[in-house]
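Everything below concerns the one structure shown next.
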Amino acid sequence: MAITGSGSGQPQFISSTGNRSFSNAPLIENSDTNQVVVPDRRSWKNLFAYMGPGFLVSIAYIDPGNFETDLQAGAQYKYELLWIILVASCAALVIQSMAANLGVVTGKHLAEHCRTEYPRVPNFILWIIAEIAIVACDIPEVIGTAFALNMLFNIPVWIGVLLTGLSTLILLALQQYGVRKLEFLIAFLVFTIAACFVAELGYAKPDAKEVTKGLFVPELKGNGATGLAISLLGAMVMPHNLFLHSALVLSRKIPRSVRGIKEACSFYMIESAFALSVAFLINVCVISVSGAVCNSSNLNAEDQMSCQNLDLNEASFLLRNVLGKWSSKLFGIALLASGQSSTITGTYAGQYVMQGFLDLRLEPWIRNMLTRCLAIVPSLIVAVIGGSAGAGKLIIIASMILSFELPFALVPLLKFASCKTKMGAHVNSTMISVVTWIIGTLIMAINIYYLMTGFIKLLLHSHIEIVAKVFLGMIGFSGMAIYLAGIAYLVLRKNTEATHLLALTASENQQMTNEQGNGPIYSLPREDIVSMQLPQRSTPADVD
């Protein structure tokens with residue numbers, strides 16, 4: 001348990017975080033190198049202590065699935081859809097900041113709140129949905145890595161899919177170094193991706209005026225542009241990212257005072273804004289390169305055909321033909337960095353989801369192998385049977401699954417962050433609640449529209465008997481009804497469980513501060529988050 005308090009007359013809070021001891025040791029003297037301790041002082045230097053989680057989260061916005069959608073947007077509509085990336089990035093910053101605030105204020109991440117809030121059956125269903133989302137997120141990463149290996153070393157795609165399983169061994173090796181080292185590695189990979197695409201911009205030389213117009217002048221010309229805009233929006237906010245961000249912020253040991261918590265929320269928002277800005281610039285670069293190359297006046301007939309249905313693998317050959325060999329290699333390096341970094345964050349999101357929903361201890365290597373195998377099997381089958389084209393289509397299917405599942409993570413986050421019994425004095429204001437619910441509703445409505453129109457088009461254009469179409473339609477729309485009913489349950493159900501935030505008077509807070517000494521009162525970081533391991537189930541002896 002960690003105490004929240006300060007010398008002011010404002011009500012203070014106690015937050016139960018799963019730790020059972022206090023510590024007021026200063027930052028430098030802490031012997032555990034895995035712990036990131038934030039000094040109890042007013043200083044911009046504290047921002048460095050908070051740097052890290054935002055970069056792990058930003059990876060989901062520059063994964064191979066995003067690259068494929070960006071490539072298609074640039075190839076078909078040049079720079080006209082860049083404004084979608086700008087709008088989606090702003091919405092993502094608001095939502096990710098809410099996830100970070102939930103973890104900072106309550107000391108528990110989103111999956112743990114779901115376990116305590118919902119009955120056993122809904123909680124189990126939410127866990128299954130979250131696990132499917134993590135596997136769906138891992139599929140583009142596996143295929144993207146396989147494509148990158150093919151671009152760089154001419155390794156067949158199906159062999160590349162098998163080789164991505166070796167990254168599990170790398171993950172196991174990284175775990176012993178703790179979260180801070182992992183954050184530095186991911187930040188390095190993010191900047192590697194950025195450097196590669198900035199270099200690509202140098203090769204492609206897009207028109208700066210047209211790019212600026214695409215960013216700030218909204219345009220949607222035709223039904224195809226609308227559908228692609230919807231897929232761009234759907235690919236930006238990932239459900240597993242909300243669980244991941246709310247957990248990663250628990251790796252910091254922050255002063256549990258009103259000022260300390262407020263500072264942590266502010267600095268995490270600044271850190272997330274910086275990381276997501278880098279991700280935004282990378283997405284802009286991908287669309288700009290694709291738009292410049294596919295709308296070049298010196299394309300031959302074969303390259304023009306490639307631009308008609310541009311995927312990750314076709315993009316490599318296109319860049320090599322138009323811009324040169326080094327351009328293709330740079331794209332391969334960026335794709336490899338994206339796939340591997342996304343694999344790392346996806347695996348850890350899976351650990352936190354299982355720990356949060358089930359309170360289950362599982363050996364990390366088993367968890368890693370399980371997630372990786374579930375993604376490799378369908379990727380391998382499709383790569384062997386359908387080749388590169390089939391693997392590219394599997395990325396689109398995985399993106400649709402993520403769009404389908406987003407409301408089941410987003411709605412609980414919106415409700416918990418706007419609930420005073422969970423967030424105490426740090427609950428979202430009425431204005432912020434209204435804005436976030438509008439953003440969340442729009443994102444969910446866009447995803448639902450995308451799924452329903454896609455299903456209807458599939459029925460109308462399929463070459464099957466009318467009886468089979470009617471039968472499939474009945475099954476599909478029944479599933480949609482169940483899906484919408486599940487979302488309605490999450491939206492309409494009132495929160496019943498309060499976070500362990502107990503009000504203290506200023507005198508009681510001062511008394512407890514004196515008992516702990518003159519130093520600042522901290523909440524210890526979550527050991528399971530710091531070491532990237534899953535905690536054991538608590539026992540009565542531990543509670544005592």
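The values are calculated or read from the model by the stated rules, or taken from the named source; none is laboratory data. Being a predicted model, the structure only gives us computed values, none of them experimental. When we count neighbours, we look across all protein chains shown, and the Cβ atoms used for this are built from the backbone with ideal geometry, even at glycine. Areas reflect the complete protein model, heavy atoms only, side chains present, ligands, DNA and RNA absent. Shrake-Rupley method; radii C 1.70, N 1.55, O 1.52, S 1.80 Å.
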Review point. Which of the lysines could a cross-linker span from LYS108 if the Cα-Cα distance has to be under 21 Å and same-chain partners fewer than 8 positions apart are dropped?
Key: LYS253, LYS262, LYS415, LYS420, LYS422, LYS494
Practice item. Take every Cα pair under 8 Å in the range 44-430 that's 6+ residues apart, average their separations, divide by the length, and report that relative contact order as a whole percent. Key: 41
Study note, to complete from the structure: When the charge dipole of the range 44-430 is computed with +1 at the Cβ of Lys and Arg and -1 at the Cβ of Asp and Glu, the Cα pointing farthest to the positive end, of GLY350, ASN298, ILE254, is that of ILE254
Check your understanding: Net charge near VAL211, counting Lys/Arg +1 and Asp/Glu -1 over other residues with Cβ under 12 Å of its Cβ?
Key -> +1
Check your understanding: Dipole magnitude of the range 44-430 about its Cα centre, charges +1 at Lys/Arg Cβ and -1 at Asp/Glu Cβ only, in debye to the nearest 20?
Key -> 1240
Check your understanding: Around VAL36, which amide H atoms from residues at least 5 apart in sequence, or from another chain, sit under 5 Å from its own amide H, with H modelled in the peptide plane?
Key -> LYS253
Practice item. Kindly write out, for the range 273-290 in residue order, the coupling ³J(HN,Hα) from the Karplus curve 6.51 cos²θ - 1.76 cosθ + 1.60 (θ = phi - 60°), rounded to whole Hz, with x marking Gly and Pro. Key: 4, 5, 5, 6, 5, 4, 4, 4, 5, 5, 4, 4, 4, 4, 5, 5, 5, 4
Check your understanding: If the cut-off is a Cα-Cα distance under 19 Å, which lysines reach LYS213, setting aside same-chain residues fewer than 8 apart in sequence?
Key -> LYS78, LYS205, LYS221
Revision key, fill the gap. Rounded to a whole %, the carbon-and-sulfur portion of the accessible area of the range 44-430 at a 1.4 Å probe is 69
Exercise for review: Quick one: accessible surface of CYS294, probe radius 1.4 Å, all protein chains present, in square angstrom to the nearest 10.
Suggested key: 20
Review point. Expressed in nm to one decimal, what extension gain is obtained for the pair VAL467 and LYS494 from 0.36 nm per residue of sequence separation less their Cα-Cα distance?
Key: 5.5 nm
Revision key, fill the gap. Karplus-derived 3J(HN,Hα) from phi for the range 416-425 (6.51 cos²θ - 1.76 cosθ + 1.60, θ = phi - 60°), whole Hz, x at Gly and Pro, runs 5, 5, 9, 9, 5, 5, 9, 9, x, 5
